Number of protein chains: 4
Amino acid sequence: MNSVRIGIAGLGRLGRRHAENLAWRIRGAKLVAACSPIAAELEAAQRDFGIERLHADFEAFVHDPGIDAVVLVTPTALHADQVIAALEAGKHVFVEKPLALSVGDCERVQAVAERHPGRVAMVGFVRRFDPSYANAMAEVSAGHIGRPFLVRSQTCDLNDDSGFFVRFAESSGGLFMDCSVHDIDLARWMLGAPRATRAFASGTIALHEGLAQHADVDNGLAIVEFEGGARAVFYASRTFAHGHETQTEVIGTAGKLLVGHGAPRDRVVLSDSQGVRHRAVADFFERFDEAFERELQAFVNACVGGPAVPLTLADATEATRIGVAITRSLRSGMPEAV
Amino acid sequence: MNSVRIGIAGLGRLGRRHAENLAWRIRGAKLVAACSPIAAELEAAQRDFGIERLHADFEAFVHDPGIDAVVLVTPTALHADQVIAALEAGKHVFVEKPLALSVGDCERVQAVAERHPGRVAMVGFVRRFDPSYANAMAEVSAGHIGRPFLVRSQTCDLNDDSGFFVRFAESSGGLFMDCSVHDIDLARWMLGAPRATRAFASGTIALHEGLAQHADVDNGLAIVEFEGGARAVFYASRTFAHGHETQTEVIGTAGKLLVGHGAPRDRVVLSDSQGVRHRAVADFFERFDEAFERELQAFVNACVGGPAVPLTLADATEATRIGVAITRSLRSGMPEAV
Amino acid sequence: MNSVRIGIAGLGRLGRRHAENLAWRIRGAKLVAACSPIAAELEAAQRDFGIERLHADFEAFVHDPGIDAVVLVTPTALHADQVIAALEAGKHVFVEKPLALSVGDCERVQAVAERHPGRVAMVGFVRRFDPSYANAMAEVSAGHIGRPFLVRSQTCDLNDDSGFFVRFAESSGGLFMDCSVHDIDLARWMLGAPRATRAFASGTIALHEGLAQHADVDNGLAIVEFEGGARAVFYASRTFAHGHETQTEVIGTAGKLLVGHGAPRDRVVLSDSQGVRHRAVADFFERFDEAFERELQAFVNACVGGPAVPLTLADATEATRIGVAITRSLRSGMPEAV
Amino acid sequence: MNSVRIGIAGLGRLGRRHAENLAWRIRGAKLVAACSPIAAELEAAQRDFGIERLHADFEAFVHDPGIDAVVLVTPTALHADQVIAALEAGKHVFVEKPLALSVGDCERVQAVAERHPGRVAMVGFVRRFDPSYANAMAEVSAGHIGRPFLVRSQTCDLNDDSGFFVRFAESSGGLFMDCSVHDIDLARWMLGAPRATRAFASGTIALHEGLAQHADVDNGLAIVEFEGGARAVFYASRTFAHGHETQTEVIGTAGKLLVGHGAPRDRVVLSDSQGVRHRAVADFFERFDEAFERELQAFVNACVGGPAVPLTLADATEATRIGVAITRSLRSGMPEAV
């Protein structure tokens, strides 16, 4: 098997995680290039991963003849144009979620991708690759809960006093685009990809008053209606006290599945004067450790002609379309057409 | 201590449960009279509980000089007038929830009750008397989760193939008035009784197509907004496969409480080729066994001058007001003012 | 139904619990007499339960013509003689566990009971009446775990710094006779009452050094061998930090049942900076609340000709026989014949 | 960093797992040689891992100048001599547990290892490298449960109808040497490595009658006494119906830790007409997936001068010494000195 030569753009916290996986754990991949406007990140790339092909300039990076594929862990606002540039340069592309903050940008990417059917283009909806979510989907597919018709899903982060996400609010697209986009994708996946018709959202600021100036909230609820009668309800929070608790429930006519409840860090239970307790995972890095590896393995496998990646750009576009409608509803206070 | 002489009206399944508690378990109470238009129920009252004062006619019942208090387990449509009649006859009144299906009826009852301050008037929001809910409220009051700002609460019943609730849909007020009214009351309780401002609902029919002709659903979601920023989201289902799962989550700025998750029937876990599992409680009778007793004990205690009951008619009115707005939203598809 | 007129001897903490149940919750019973050498207990009996027939002297009590049955909550050392006296006075008898600390005493009681077949004689192995244990036994009986062949059972108390049980060590019979006798009875019940052949025990003092002078321990382990190959292992502790955790596991050829794991106080889970936790029940009073009531109801039902009580004096004798062998092994360090 | 050139001996199921990790996931390692008497295994080594240095003969393998270290996944009976040969050939050695079935063999290995202080010699007590066990040990070390004085630990396998372990009984050393040796090592680790003084065991055959001719059982219990008062109780089973459940409880003076309870396969809970359940891990491969990788990473790190491996040959000798005493007790029926 020829290795896929990979270049990574963006070496922040998540970028490094991907780089570590690509360097040491993904079969069939060789991490050979890096791109960052930050010199320290490029130095680290060379020092820690032995990467020789270092680019400060994205254009040069994307046309580097020494790479077959790029992994983009860059700000969301850059995603669409960068994916397009990479596809047009003949590279396979893995890009972090969300694909873009507007449906128009997503559709631009889709149009370009259609003209490059030989290139893999994959958005990092990492949760589909988590063993628990994958097992849950297998149960749904096997009919073990009958016909699924309702999804309840949440992404709730441990409160971050530093207020990082407040400063980040403008470019992240807000709570629902940043967090719930995963839940949206999972709901569509579990429900068999029905078309969403309407969304209604409501939220509140529990702790981070600074969000008000961005028309954002730190706790939000949304109901989404789908054709055929399926429904989803999402909850996103920035202010959990015990850890990062990602949870998804799929309710069917013959049973229900619940993924991620309680967010145990490990298999340890401590009983003492506080009661009987487990510690929760601290963040999505800890929670989706294994999934990050599996998603890149799936990407690399697809690059060398293995199974197609199990999610399409159209899935990413739909997630953005629903996320946008939810965000619009949060601001208008009214249900919005999706 | 003089016993409170009690008459019960309505001896269906829940009526019998109350009668058993009154006859055998409530201190300070004597179950001495029964009222029912159904002869068999009166016969059973005499045979099983030794009740001598039997009434087919409600007017005669409510003016029976041998009783001090009435317990009304009658159809919801009758509640308001019956409570008023009982108060005006000088009796203490316990009435099953909801107090009425319209706010106007609730307010009529409140007005009469205000003219009879010496009479106890209590609505059966039984969950407040459940030990787990009471313990949760104690934690909230002690500040253990900081400031509560979000409640997620559900009432989900084991699917009943007989379709009883389909036939009952018209008189029950529909899914939200029948089931969620408990969750509404709990949310107000846990959140410190803020005023609700808007409600939005959406639902679907998963199994019971017959509900369509009653503009009802068998699975429904609702978001309620409160003054001051608190939010609640409710889920009600008639179609659970594993049992009756009542669950309430109260989320605060320093932690969260979850009541009722998994609905274990008992403390038994079975491990076999199916996995590791517990059985779930079958219905609210099994789940709230102890609470049914405690609520009547609280009522009887109040009748003899003990502590006032911890919930007012105004609470019941607010629950109806919110439930009505949710139900209106389910039909209009738009947010409705509460 | 004629009520059974009951006298209670011993009104300490557990005695009062039984008195409350007999006075207010047990159908078919009337608590009419009390016996205690402690004047304050008799006064309380009169004041709190309206008991008129008060006895400082056990002989007078047991021959009181106004009572049909006695409930004995007296020191273990007195059990055998008191049960015999009550049976010979023609009374039904309920006595707290253990029946006696020696097999000889148990057998003396059995011999007398055989001469009074019309009198009910029941030992308070309360756990058989706990709904969870009863449900577990129903699963075993239904064959859901195949053939049961191994029981692991524990009785572990919240540490009591007051050292009450240290002073009590001599008269309680030690850790295994005091605590494990319940586990022994449960194991025999679940395993189909096989004959025990050998016992081996080992223990340690974790906190309460004062036990050494009584040849007792505060944490003990014991293995019991039964004819036919079944085995049991018991654990008893006086030093748990989180609460009272009674747990029993029954392992069969097709599955296993676990009763009581984690000892949740209620259905509440708190998530905060400490993790995700529930509080544990504090003591056996809280844990076996409902069972205490059910066992006395079963006793009273048997007194009026209802179903025979589901455990015999022979069961109590066997529990003592095994407990004695375990205690002997703890001291000898060698396996002891049962 | 120069890679450690590794040769693996034994390519059965566990051998292949180690080979996969060495080939693809362990940083600083290069899997370059394989040894097996089975031609098909060598062919697979070449085909699947690209290994060029293939040995049918162990002597040739161990003297292969192209390798720095060997990983031995061979029958237990061969361990001692093979480890000695490898050390004397100047190689680092990782050997599967148990080190040997007799204390004498363990001590022979230790003596040789002491003469080769520059060579790493590590026994595969994989559970120490499991994240949950490591986290539990960190809590113990931090004093969160006070002074640990009791360990309850079990290794219970899903029943294997094929009876593989029956045929394997003679060479495995029996139930306790095969399974409980892990629990023994964990108990020593958690308790601070006290010296064991006595062991008592008892067992039964629940399903696999063929074990009788090997003086073995399919379910066994053992109590071990340590100097200073600590105690351990072990349970091993070959006949679980729901999966592989490895569980360890460490009880201290201020709390307790429980690792592995319920053996959930993942974070999925299914609620249906069977109740509320999770699936259990099927076997130790699934349960200790991550630990297998971590232990080899620790070995390789030590080979290149990183931190010493956190368990010594003396630990392995002690585990065998205790396991041998337990096995002797199972046969004699009497406590045996360790």
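Quick grid of which residues meet (1) more than 30 Å from D:PHE292 (Cα to Cα); (2) within 14 Å of another protein chain (Cβ to nearest Cβ); (3) within 18 Å of the chain's Cα centre (by Cα); (4) touching a residue at least 60 places away in the same chain (Cβ under 8 Å):
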position	(1), (2), (3), (4)
D:SER162	no, no, no, no
D:SER202	yes, yes, no, yes
D:GLY210	yes, no, no, no
D:GLY228	yes, yes, no, no
Discussion item. Name the single residue that is nearest to the other protein chains (Cβ to nearest Cβ) among those in the stretch A:246-260 being more than 20 Å from the chain's Cα centre (by Cα) and either hydroxyl-bearing (Ser, Thr, Tyr) or on the phi > 0 side of the Ramachandran plot (or both).
Written reply: A:GLY255
Worksheet, complete the sentence: Conditions (1) within 14 Å of chain A (Cβ to nearest Cβ); (2) open to solvent by less than 10 Å² (accessible area, probe 1.4 Å); (3) not in a strand (DSSP E or B) -> C:LEU311 fails only (1)
Worksheet item: Quick one: which of C:HIS92, C:HIS18, C:HIS116 is touching a Cys at 6+ places or on another chain (Cβ under 9 Å) and modelled with pLDDT of 95 or more?
Response: C:HIS92
Discussion item. Which count do you get for residues in the stretch C:244-255 that are in a strand (DSSP E or B) and open to solvent by 10 Å² or more (accessible area, probe 1.4 Å)?
Written reply: 2
Worksheet entry | Residues of the stretch A:314-330 satisfying the condition of being out of contact with any Gly (no Cβ under 9 Å at 6 or more places or on another chain) and either open to solvent by 20 Å² or more (accessible area, probe 1.4 Å) or charged (D, E, K, R) (or both) | A:ALA314, A:ASP315, A:GLU318, A:ARG321, A:ARG328
Discussion item. As an exercise: evaluate B:GLN82 against (1) among the polar types (S, T, N, Q); (2) touching a strand residue (DSSP E or B) at 6+ places or on another chain (Cβ under 7 Å); (3) within 23 Å of B:ARG328 (Cα to Cα) and give the number of the one condition it does not meet.
Written reply: (3)
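If only one of B:ARG167, B:ARG147, B:ARG127 is more than 14 Å from chain C (Cβ to nearest Cβ) and of a type in the set (Lys, Arg), which one is it? Spell out the reasoning first.
Details: B:ARG147 fails: more than 14 Å from chain C (Cβ to nearest Cβ); B:ARG127 fails: more than 14 Å from chain C (Cβ to nearest Cβ).
Of B:ARG167, B:ARG147, B:ARG127, the one residue that is more than 14 Å from chain C (Cβ to nearest Cβ) and of a type in the set (Lys, Arg) is B:ARG167.
Does C:GLY243 qualify as being in contact (Cβ under 8 Å) with a residue 60 or more places away in the chain, within 14 Å of chain B (Cβ to nearest Cβ) and over 27 Å from C:ALA100 (Cα atoms)? Lay out the reasoning, then the answer.
Numbers: in contact (Cβ under 8 Å) with a residue 60 or more places away in the chain: yes; within 14 Å of chain B (Cβ to nearest Cβ): yes; over 27 Å from C:ALA100 (Cα atoms): yes.
Answer is yes for this residue.
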Discussion item. Which count do you get for residues in the stretch B:263-279 that are over 30 Å from D:ASP161 (Cα atoms) and surrounded by fewer than 22 Cβ atoms within 10 Å (Cβ to Cβ)?
Written reply: 3
Discussion item. Just to be sure I understand the filter: pairs with C-beta atoms under 8 Å, separated by 6 or more residues or on different chains, first member in the stretch C:176-200 and at positive phi, second member acidic (Asp, Glu). Which pairs pass?
Written reply: C:ALA193/C:ASP315; C:ALA193/C:GLU318
Fill in: Qualifying residue in the stretch B:136-146 (condition: of a type in the set (Val, Ile, Thr), more than 30 Å from A:SER332 (Cβ to Cβ) and within 20 Å of the chain's Cα centre (by Cα))
no
Worksheet item: Quick check: anything in the stretch A:25-40 under 21 Å from the mean Cα position of the chain (by Cα), within 14 Å of chain D (Cβ to nearest Cβ), surrounded by 13 or more Cβ atoms within 10 Å (Cβ to Cβ) and modelled with pLDDT under 95?
Response: yes
Discussion item. For a quick check of your reading: which strands (runs of 3 or more DSSP E) sit entirely within the stretch C:133-243 and have at least 2 residues that are open to solvent by 40 Å² or more (accessible area, probe 1.4 Å)?
Written reply: C:148-158, C:196-204
Worksheet item: Of all the residues that make up the stretch D:1-20, how many are closer than 24 Å to D:GLY90 by Cβ and either of a type outside the set (Gly, Ala, Ser) or open to solvent by less than 10 Å² (accessible area, probe 1.4 Å) (or both)?
Response: 12
Fill in: Some residue of the stretch A:288-297 being open to solvent by 40 Å² or more (accessible area, probe 1.4 Å), at pLDDT 95 or above, basic (Lys, Arg) and outside any helix (DSSP H, G or I)
no
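Any residue at all in the stretch C:277-285 that's within 14 Å of chain A (Cβ to nearest Cβ) and among the aromatic types (Phe, Trp, Tyr)?
Pass one, the stretch C:277-285, residues within 14 Å of chain A (Cβ to nearest Cβ): C:277-282.
Subset that is among the aromatic types (Phe, Trp, Tyr): none.
For the stretch C:277-285, residues within 14 Å of chain A (Cβ to nearest Cβ) and among the aromatic types (Phe, Trp, Tyr): absent.
The values are calculated or read from the model by the stated rules, or taken from the named source; none is laboratory data. In this text the structure is predicted, and so the values were computed from the model without any measurement. Glycine gets a Cβ as well: all are built from the backbone with ideal geometry, and neighbour counts include every protein chain shown. When the accessible area is computed, the model is the full protein with side chains, heavy atoms only, and any ligands, DNA or RNA have been set aside. Shrake-Rupley method; radii C 1.70, N 1.55, O 1.52, S 1.80 Å.
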